[in-house]
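Chemist: Have a look at this one before I ask anything.
The values are calculated or read from the model by the stated rules, or taken from the named source; none is laboratory data. What you see is a predicted model; the values in this text were computed from it and never measured. Using ideal geometry, Cβ is built from the backbone for each residue, glycine included, and neighbour counts are taken over all protein chains shown. Side chains are part of the model used for accessible areas, which takes the heavy atoms of the whole protein and leaves out ligands, DNA and RNA. Shrake-Rupley method; radii C 1.70, N 1.55, O 1.52, S 1.80 Å.
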Amino acid sequence: SMSDILMMSLGFLIASRIPWWASALIVLMLEIGCAFVIRDNLSLDILMLIHPIDAIKKWQMAGHVAV
């Protein structure tokens, strides 16, 4: 929990010191990076909550390894 609070505070500090477009670019890069690395991100979570798409679900499950 303390790490979450620290990282959130650091993010707000950085966002307050850089232009809005740089913040938007960082968020976009993080979303794309998470989609490629772990096949999951906030945008996909919201999309699948509002309107589930079978193709996305299959793509996400293709990266899942059963143990």
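Chemist: Considering the chain, what Rg and Dmax in Å follow from its alpha-carbon atoms?
Modeler: Considering the chain through its Cα atoms, Rg and Dmax are 15.3, 45 Å.
Chemist: Counting only heavy atoms of protein chains, what accessible area per residue, in Å², does the chain have with a probe of 1.4 Å? Please list the in-between numbers first.
Modeler: Working: 5900 Å² over 67 residues.
On a per-residue basis, the chain sits at 88 Å².
Chemist: Here's something else I'd like to know. How far, in degrees from 0 to 90, does helix 20-38 lean away from the longest principal axis of the Cα atoms of the chain, to the nearest 10?
Modeler: With both axes taken from Cα atoms, the answer is about 30 degrees.
Chemist: Still on this model: Sorted by mean Cβ packing within 10 Å, highest first, what order do the peptides 51-64, 32-45 take?
Modeler: Values: 51-64: 10.0, 32-45: 12.9.
The peptides rank, most packed first, as 32-45, 51-64.
Chemist: Quick one: with all protein chains in place, what share of the accessible area of the chain is carbon or sulfur, to the nearest percent (1.4 Å probe)? It would help to have the intermediate numbers written out before the result.
Modeler: Numbers: 4400 of 5900 Å².
That fraction is 74 percent.
Chemist: Here's a follow-up. Can you tell me the dipole magnitude for the chain around its Cα centre, using point charges on the Cβ only (Lys, Arg +1; Asp, Glu -1), in Debye to the nearest 20?
Modeler: For the chain, the charge dipole is close to 100 debye.
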